[in-house]
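Some notes on the structure that comes next.
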Amino acid sequence: AAGLAAAEVAATIVGLWLAPADGAEAVAAAREAVVVIGALLRREDPDTVAAAREAIDRVDAALAVLLERRAALAGTVQRLKPVGGFAGRDMERERRLVAAMARRAPRLGEARLAPIMNAVIESGLHLAEETRANGRDPAPPAGTGDLAPAT
C-alpha cells in the first residue's frame, strides 16, 4: 500500500509495488516518502558527480520538510511564550541545542552548526512575526511537512 512506503523504505526494501487502484496522488505521495525517508535512513556512496548531486537533492528534500516542520513548531512556541519573538530568545537553550546536534554530527561540530542553527532560528522567528502580523494561521497546509503520506 502506498501509505506504507515510508515504513518499507525504513525497512530497507529496495523496490516498491503499488496497486493499480492507488492512483496518481497516492503514487506521488509514495515517491515523496521514498525520497524523504530514504535520505534520512540510507547511507549512500555515489560514484559519480551526477549520482552525488542526486543524493544531495534527496537530502535537501528531507531538510526542507524538516525545516518547514521546525518553523511551524517554533511558531507554536512563539504563541505560547509570555515574551515572544527575538526578545524571548533563550540563548542557553540554543547553546544546548547546538551541543546536542554536534553529538549527532561530530564532523560538523558546534562551531559549524551554531551559525546554521542561528539562521534556522532567526528564519523561524521572522516567519512567526510575519504570520502574527498578517493574522494568518501558522500551521502549514494539510499534507505539507509530513514525512509520510497520510493513510
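The values are calculated or read from the model by the stated rules, or taken from the named source; none is laboratory data. Keep in mind that what you see is a predicted model, and the values were worked out from it rather than measured. Neighbour counts run over all protein chains shown; Cβ positions are idealised from the backbone, glycine included. For the accessible areas, the whole protein counts, side chains as well, though only heavy atoms, and no ligand, DNA or RNA atoms are used. Shrake-Rupley method; radii C 1.70, N 1.55, O 1.52, S 1.80 Å.
Please verify whether the stretch 5-14 includes one or more residues that are closer than 30 Å to Val120 by Cβ and at pLDDT 80 or above. No, there is no match, as no residue in the stretch 5-14 is closer than 30 Å to Val120 by Cβ and at pLDDT 80 or above. Whether any residue in the stretch 113-124 is among the aliphatic types (A, V, I, L, M) and open to solvent by 90 Å² or more (accessible area, probe 1.4 Å) is what I want to check. No, the stretch 113-124 contains no residue that is among the aliphatic types (A, V, I, L, M) and open to solvent by 90 Å² or more (accessible area, probe 1.4 Å).
For the stretch 81-92, what are the residues that are within 16 Å of Asn118 (Cα to Cα) and either among the hydrophobic types (A, V, I, L, M, F, W, C) or loosely packed, with under 11 Cβ neighbours inside 10 Å (or both)? Quick ask: steps written out before the conclusion?
Let us first name the residues in the stretch 81-92 that are within 16 Å of Asn118 (Cα to Cα), namely 85-92.
Answer for the stretch 81-92, where residues must be within 16 Å of Asn118 (Cα to Cα) and either among the hydrophobic types (A, V, I, L, M, F, W, C) or loosely packed, with under 11 Cβ neighbours inside 10 Å (or both): Phe86, Ala87, Met91, Glu92.
Condition first: out of contact with any Pro (no Cβ under 8 Å at 6 or more places or on another chain), in a helix (DSSP H, G or I), open to solvent by less than 80 Å² (accessible area, probe 1.4 Å) and over 26 Å from Gly124 (Cβ atoms). Now tell me which residues in the stretch 39-80 satisfy that. If the condition is that a residue be out of contact with any Pro (no Cβ under 8 Å at 6 or more places or on another chain), in a helix (DSSP H, G or I), open to solvent by less than 80 Å² (accessible area, probe 1.4 Å) and over 26 Å from Gly124 (Cβ atoms), then Ala50, Ala51 are the ones that fit.
Restricting to the stretch 51-85, what's the tally of residues that are basic (Lys, Arg) and in contact (Cβ under 8 Å) with a residue 24 or more places away in the chain? So that I can check it myself, show each step before the final result.
Our first condition is that a residue be basic (Lys, Arg); within the stretch 51-85, this holds for 53, 58, 69-70, 79, 81.
Next, from what is left, pick out any that are in contact (Cβ under 8 Å) with a residue 24 or more places away in the chain: 69-70, 79.
Final tally of qualifying residues: 3.
Only one entry in Arg103, Arg107, Arg136, Arg112 is at pLDDT 95 or above and not in a helix (DSSP H, G or I), namely Arg107.
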